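Chemist: My structure is below; once you've seen it, I'll send some questions.
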Amino acid sequence: MTKRTECGTSVRVVCVSHFSIDLEIVVIAVVKTGGKQYCVEPGNVVKVEKLDVEPESIVSLTDVLFTSPDAGENVVVKAEVLRHVRNSKIIVFKKRRRHNSRRKNGHRQWQTILRITDISAASTELKGE
């Protein structure tokens, strides 16, 4: 069960008993890649536009637009590349009326499936890049 607070952080209830409630603060981030924005937290699996990396490698996403206040500044999102897949087919149909002209094409876009492993502050090595 996840609850959102007023400041943008999410709080996940871990254990509920009759006498105490243990709370775990979840760090979220909004990452921009491939011209799109994704709201992620550690453990999420996300489909993004194809990245030129090998499967089972670790990739760092440095274009972070927003993080929860607990994460700090200069945040880097690290993700594991699971595999590359093709998206479902999109039908492109063009018709010029009254000319008996029709054209139908299909298109499948490549995507990369990422598992978010860590959202943390950037180290000094990444600031120089």
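Chemist: Quick check on the range 79-102. Is at least one of its residues surrounded by fewer than 16 Cβ atoms within 10 Å (Cβ to Cβ), among the aliphatic types (A, V, I, L, M) and in contact (Cβ under 8 Å) with a residue 40 or more places away in the chain?
Modeler: no
Chemist: Sticking with this one: What number of residues within the range 103-114 are without any contact (Cβ under 8 Å) to a residue 40 or more places away in the chain and not in a strand (DSSP E or B)?
Modeler: Quick first cut of the range 103-114, residues without any contact (Cβ under 8 Å) to a residue 40 or more places away in the chain only: 103-108.
Among the residues that remain, those that are also not in a strand (DSSP E or B) are: 108.
Residues meeting the conditions: 1.
Chemist: Would you confirm whether or not the range 49-69 contains a residue that is basic (K, R) and at pLDDT below 65?
Modeler: Within the range 49-69 (the criterion being basic (K, R) and at pLDDT below 65), the answer is no, since none of the residues qualifies.
Chemist: Report yes if some residue within the range 37-44 is in a loop (DSSP other than H, G, I, E, B), more than 12 Å from T112 (Cβ to Cβ), touching a Lys or Arg at 6+ places or on another chain (Cβ under 8 Å) and modelled with pLDDT of 90 or more; otherwise report no.
Modeler: Yes: one or more hits.
Chemist: Return yes when R103 is of a type in the set (K, R) and more than 15 Å from the chain's Cα centre (by Cα) and no when it is not.
Modeler: Numbers: of a type in the set (K, R): yes; more than 15 Å from the chain's Cα centre (by Cα): yes.
Yes.
Chemist: If we scan the range 47-64, do we find a residue that is in contact with a Lys or Arg (Cβ under 6 Å, 6 or more places away or on another chain), closer than 14 Å to T33 by Cβ and assigned to a strand (DSSP E or B)?
Modeler: Among the residues of the range 47-64, at least one is in contact with a Lys or Arg (Cβ under 6 Å, 6 or more places away or on another chain), closer than 14 Å to T33 by Cβ and assigned to a strand (DSSP E or B), which makes the answer yes.
The values are calculated or read from the model by the stated rules, or taken from the named source; none is laboratory data. Given the structure is predicted, the values throughout are model-derived calculations rather than measurements. Virtual Cβ from ideal backbone geometry, glycine too; neighbours counted across all protein chains shown.
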